[in-house]
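Here the structure is laid out as structure tokens; the discussion comes afterwards.
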Amino acid sequence: MSVHMWYCSNCKKETGHEVREQAHHDPALRALTMPPDNAKDHTECTCVVCGHVDWVDPVDIFHVYEHDFGD
């Protein structure tokens, strides 16, 4: 699994994040937490510094070209 740079709302800075998809075919890459009700298609981003979890719309991730999900 790759670590990608993403803004952490807890640390208030760009930090490394592990990215996990909700319905990924590889169990090691599946999300570890349940998404909020309004994040049906979102992707889990976990800060490697503080452990804060954000659920992010993959469209936003690909738009800024900061995450590369790679399989």
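Any chance you could run the full-extension gain for A23 through D37? It's 0.36 nm times the residue separation minus the Cα-Cα distance, nm to one decimal. Here the answer is 3.5 nm. Protein-only accessible surface at a 1.4 angstrom probe places the residues D54, D37 in the order D37, D54, largest first.
The values are calculated or read from the model by the stated rules, or taken from the named source; none is laboratory data. Note that the structure is a prediction, hence the values are computed from the model and not measured. SASA here: full protein model, heavy atoms, side chains in, ligands and nucleic acids out. Shrake-Rupley method; radii C 1.70, N 1.55, O 1.52, S 1.80 Å.
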